[in-house]
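Colleague: Dropping a structure here in structure tokens format, bear with me for questions.
The numbers here are math on the coordinates, done by the rules we state, and not lab data. Everything quoted here is computed from the prediction, not taken from an experiment. Because the Cβ atoms are built from the backbone with ideal geometry, glycine has one as well, and the counts that use them run over all protein chains shown.
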Amino acid sequence: MDKGAVGERLTSDEALALVQDLTPETLHELGAAALHNRRWRYGLKATYVFNQHINPSNICTMGCAFCNYAALPDAPKAFTLSEDTIIRSVASLAPTEVHIVGGINDLWPFDRNLKLVKTLRRSFPELFIKAFTAVEVAAFARDSGKTVDDILVALAAAGVNAMPGGGAEIFTERLRRKYWPQKLSAHDWWHVHSRAHAMGIPTNATMLFGIGERWDERVAHMLTLRRWQDRSGGFECFIPLPFQPGKGEIAADGPSTAEILAVLALARLLLDNIPHIKAYWPMAGLETAAAGLSWGADDLDGTIKEEKVAHMAGARTPVGLAREKMEETIAMGGFEAVERDGWFQAKGKMHAARML
Ligand code: SF4
């Protein structure tokens, strides 16, 4: 525990020893170590971004069993936005950052998505564009007959600044074969991210948890990311995503609050080479996310405006928050709110360009 608290590298066995058979006492010690580590890195500062999620369509043919967001084309809940709607919405909100993810479908193929990015860049030159998961990038390559490199080069040239971390789920073939067999393997997910990193495009990394995985699988997922980060240095932020129970085909209840906090703490202790740990409030809940700042997280994501992926899956949090509410939530956790940009810099600060 002490090693992790001061940022020294933990082994797999040491990590597992921290979380197996958690008792109130060991949970408390885990949280205290993570808090020490995050305060040593960031003091009492906690960041958020004034951002907007854009989901051009929820039509998706992948059929992941845990997903309540996706719909087949003729399903009542299927939706597709037009470019006009998206541009008008961004113009009216004027966010610092947009986060664009959709489904795998023929309605929003690569060329149309590329054109959307170009239009956003032309219309909003200062906007930070975080767009398309590794799953989408791989599908763009497959469907357009291009390579992953071709797709990433075109997206970066059009104006994409960074990639989200979704689609990783949890790196265990045991659950992938059962619940998302048609989706990228861990190796293929990493291939897309490693190519992005090689081109100077930073990315996030996620881990879906609370769907029946074991602690050793969570530890293995984080250590795999740590190993990859040693090679590329391109992961900016790690985001554990609590499974949203309710409407899907998976009977799991989702993680308890204690588990959500323990996963955040373990991530802060294990991922010594990934700068930021995010408590993602739409899935964790506002109170738990605020508490997560004392359990290793240093970022709460953002205002989001109209989150659909978690909310169509049954999340009961608001679909968006005002700046004031983000700052109030961070203060509720006992931290000092700092509005940041997409590069994780305090808003207004200069940052080194990382584009191609
Ligand atoms: S998780 Fe993503 S890829 Fe899987 S069905 Fe849902 S939208 Fe499609």
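Colleague: Taking H as built 1.01 Å from N, whose amide H comes closer than 5 Å to the amide H of Gly302, not counting residues under 5 places away?
Modeller: Here Val49 satisfy the definition.
Colleague: Considering only the other residues whose Cβ falls under 11 Å of the Cβ of Leu22, what net charge follows from Lys and Arg at +1 and Asp and Glu at -1?
Modeller: Neighbourhood net charge equals -4.
Colleague: For Glu336, what residues show an amide H to amide H distance below 5 Å, using hydrogens built from the backbone and excluding near sequence neighbours?
Modeller: Residues meeting the amide H criterion: Lys45, Ala46.
Colleague: I would also like to ask the following. For the stretch 23-180, which semi-axes, largest first and in whole Å, follow from the square roots of 5 times the eigenvalues of its Cα gyration tensor?
Modeller: Sorted largest first and rounded, they come to 31, 23, 16 Å.
Colleague: Among His197, His28, rank each residue by its count of other Cβ atoms within 10 Å, from fewest to most, as a rough exposure measure.
Modeller: Listed from fewest to most nearby Cβ atoms, that is His28, His197.
Colleague: With only alpha-carbon atoms counted, please give the Rg and Dmax of the stretch 116-164, in Å.
Modeller: Rg, Dmax (Cα atoms, Å): 10.8, 32.
Colleague: Moving on. Dipole of the chain, Cα-centred, from +1 at each Lys and Arg C-beta and -1 at each Asp and Glu C-beta, to the nearest 20 debye?
Modeller: 780
Colleague: Using only the Cα atoms of the stretch 167-218, build the gyration tensor, take square roots of its eigenvalues as a ≥ b ≥ c, and label the shape rounded, prolate or oblate: rounded if a/c is under 1.5, else prolate if a/b is larger than b/c, else oblate. The partial results should precede the final answer.
Modeller: Details: a/c = 2.93, a/b = 1.87, b/c = 1.57.
Judged from the Cα gyration tensor, the stretch 167-218 comes out prolate (a/c at least 1.5, a/b above b/c).
Colleague: With a/c under 1.5 counting as rounded, go ahead and sort the stretch 169-312 into rounded, prolate or oblate using the C-alpha gyration tensor (a ≥ b ≥ c being the square roots of the eigenvalues; past the cut-off, prolate if a/b is larger than b/c, else oblate).
Modeller: Details: a/c = 1.45, a/b = 1.13, b/c = 1.27.
Rounded.
Colleague: Calculate how steeply helix 110-123 sits against the longest principal axis of the alpha-carbon atoms of the chain, using the helix alpha-carbon long axis, and give the answer as 0 to 90 degrees to the nearest 10.
Modeller: Rounded to the nearest ten degrees, it is 80.
Colleague: Taking the Cα atoms only, what angle lies between the long axis of helix 323-332 and the longest principal axis of the chain, rounded to 10 degrees?
Modeller: Tilt of helix 323-332: around 10 degrees.
Colleague: Another one. Along the charge dipole of the chain, pointing to its positive end and built from +1/-1 on Cβ of Lys, Arg, Asp and Glu, which listed residue (Thr206, Ala267, Ala220) has its Cα farthest out?
Modeller: About the Cα centre, the residue reaching furthest to the positive side is Thr206.
Colleague: Over all alpha-carbon pairs of the stretch 96-249, lay out the pair-distance distribution in 10 Å bins, whole %, shortest bin first.
Modeller: 11, 40, 34, 14, 1
Colleague: Going by how many other beta carbons lie within 10 Å of each one, how would you line up Thr61, Thr26, fewest first?
Modeller: So the residues, fewest neighbours to most, are Thr61, Thr26.
Colleague: For the stretch 129-284, compute the number of Lys pairs whose alpha carbons are separated by less than 24 Å, excluding pairs fewer than 8 positions apart on the same chain.
Modeller: Summing the qualifying lysine pairs gives 6.
Colleague: Taking neighbour Cβ counts within 10 Å as the exposure measure, how do Glu259, Glu136, Glu213 sort from fewest upward? Walk me through the intermediate numbers first.
Modeller: Details: Glu259 19, Glu136 25, Glu213 22.
Going from sparsest to densest Cβ surroundings: Glu259, Glu213, Glu136.
Colleague: Separate question: If a/c stays under 1.5 just call it rounded; otherwise compare a/b with b/c (prolate if a/b is bigger, oblate if not). Do that for the stretch 1-103, with a ≥ b ≥ c from the square roots of the Cα gyration tensor eigenvalues.
Modeller: Oblate, because a/c is 1.5 or more while a/b does not exceed b/c.
Colleague: Right, next: With a 10 Å cut-off between alpha carbons and a GNM built on the chain, which of Thr47, Thr147, Thr203 moves the most?
Modeller: For the chain, modelled as a Gaussian network with Cα springs under 10 Å, the answer is Thr147.
Colleague: Springs between alpha-carbon atoms under 10 Å, Gaussian network over the chain: tell me which of Ala75, Ala139, Ala289 tops the mean-square fluctuations.
Modeller: Ala75
Colleague: I would also like to ask the following. Report, to two decimal places, the Cα Rg of the chain normalised by 2.2 N^0.38 Å (N = number of residues).
Modeller: That ratio works out to 0.93.
Colleague: Also, I was wondering about something else. How big, on average over all directions, is the shadow cast by the Cα convex hull of the stretch 131-190, in nm²?
Modeller: The number I arrive at for the stretch 131-190 is 4.1 nm².
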